[in-house]
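A short write-up of the structure that comes next.
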Amino acid sequence: MQQGRSTTDPAIYVTANTLMTGAVTLDDALQIAKEAGADGFELRRELLPLPLPPALGEHIRLQLQQFSSPPVYSLPRSIFTDGSFEREPLLHGLGEARSFGCRLVKFSSIGVDPAQASQHPGDLAGILAGLRELRALLESEANGLVVTVENDQSAVSGDLQLWESFFEQARAVECPIGMTFDLGNWTCVGSDPIQAAQRLGQYVAYVHAKAVERKDGQCISQPFRMASAPHPALAYFPPDAPRAIEFPLAGENHEAVSATLRTYILWLRSGNFVS
C-alpha cells in the first residue's frame, strides 16, 4: 500500500496521457507515477504500439504490478456505434485489458448520435437490445472486469437526460455497466458538473479529475486547483470510487515532474480541489 493512503481512501491513479508528452516514454511515465506515490496507472490504448509485441505486453504488465492497485485500461471508442452494439471490438478490448491485469475498462462514450438522441430521448432506440447483448457478454467474458462509459467532450455527452435514460435501461436489463465521470468535460459541453454528479453519482465507478479551458474553439485540459474543502461533486460518488489525474504535466526533468505530480496526488487524495 502506498504511504499516506488509509484503507478507506479511494485509490489515486495517473493516466498515461498526463505524463507521456514529448520525450517521456511509457516506462518513464510508469516510473514517475510510482515515485510520486500513485496507487495505480491508467493505460491508454492510443498510446500503445499496436499490434503489441507479446514481449512488450508482458513487460508492461510486470511494470503495472508494482502499483498497489490494479491498472485501468482506456479504449478510445464508444461502447456502441451509432446506437448499435458491436461484440467483436468490445471483446477484443476486454481481452487486451485482461492481458495487462486491469480491473476497470473505460470506453469513451455511449455512442449515440445527437440526432438520434433528440428523436428518441426516452428509449434510445436500439440501445436496450444492445444492453442485453452487453450483459450476456460481460457475464461470460468480463471475468470480474468493471466496464464503464465516460462523458467525453462531444456535445451529446452533455445531455443528462440521455445519461439517466441509458443507466435506467441498463439497470432494467441488469447490465452491470458503470460510469467514468470526468469532472472537466462537463464544462466543455456546457453542463454543470455538480448537477451531473447529483443525477448520475450512483452509477460512478471511476473519476477523472481535471479542469477544462475553452480556447480558440477547443477544450484544453488544465490542472485542477487546491481548495480548502472537498470538491462538491465527490459527495455524490461512492466513497471508494478511484480518482485519476488527467491533465498534461511537464517539467525540466523527471524528478521535477514527479515532485509536481506528488502535490496533485495529495490534493486529489484529500478531495480538496476545484475543477
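Since every read-out is calculated from the coordinates, none of them should be taken as a lab result. Model, not experiment: these values are computed from the prediction. Cβ placement follows ideal geometry from the backbone for every residue including glycine, while neighbour counts extend to all protein chains displayed.
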Here the percent of antiparallel bridges among DSSP beta bridges lying wholly in the chain, to the nearest 5, is 25
Rounded to the nearest 5, the percent of antiparallel DSSP beta bridges in the stretch 1-116 equals 15
For the stretch 51-56, in residue order, the Karplus 3J(HN,Hα) values (coefficients 6.51, -1.76, 1.60; θ = phi - 60°; whole Hz; Gly and Pro = x) are x, 8, x, x, 5, 5
Going from the fewest other Cβ atoms within 10 Å to the most, one would list 18, 148, 81 as 81, 148, 18
Going from the fewest other Cβ atoms within 10 Å to the most, one would list 108, 74, 275 as 108, 275, 74
Sequence order, the stretch 205-213: Karplus ³J(HN,Hα) from phi using 6.51 cos²θ - 1.76 cosθ + 1.60, θ = phi - 60°, Hz rounded, Gly and Pro as x, gives 10, 7, 10, 9, 10, 6, 9, 10, 10
Fewest to most Cβ atoms within 10 Å: 231, 92 sort as 92, 231
Output for the stretch 221-275: GluC sites (Glu not before Pro) sitting in coil per DSSP, at most 12 other Cβ within 10 Å, listed by number, reads 252
If each K or R counts +1 and each D or E counts -1, the residues other than residue 264 whose Cβ falls under 11 Å of its Cβ total +4
Any residue on another chain or 5+ positions along whose placed amide H is under 5 Å from the amide H of residue 80 is listed here as 111
Scoring the stretch 139-275 by relative contact order with C-alpha pairs under 8 Å, at least six apart, yields a percentage of 23
Asserting the computed 222 nm helical MRE of the chain (DSSP H runs at least 4 long, -39500 (n - 2.57) per run, divided by residue count, to nearest 500) equals -11000 deg cm²/dmol
Relative contact order of the chain (C-alpha contacts under 8 Å, at least 6 apart) in percent is 21
Helix 127-141: inclination vs the chain longest Cα principal axis, degrees, rounded to 10, gives 50
If one compares the long axis through the Cα atoms of helix 160-172 with the longest principal axis of the Cα atoms of the chain, the angle in degrees, nearest 10, works out at 80
Toy charge model, Lys and Arg Cβ at +1, Asp and Glu Cβ at -1: the chain dipole around Cα centroid in debye, rounded to 20, equals 500
Within the chain, cysteines having no neighbouring cysteine beta carbon under 4.7 Å are 102, 175
Counting only residues 5 or more apart in sequence or on a different chain, those whose built amide H sits under 5 Å from that of residue 15 are 42, 245
Expressed as a whole-number percentage, the relative contact order of the stretch 4-77 with C-alpha contacts under 8 angstrom and at least six residues apart is 36
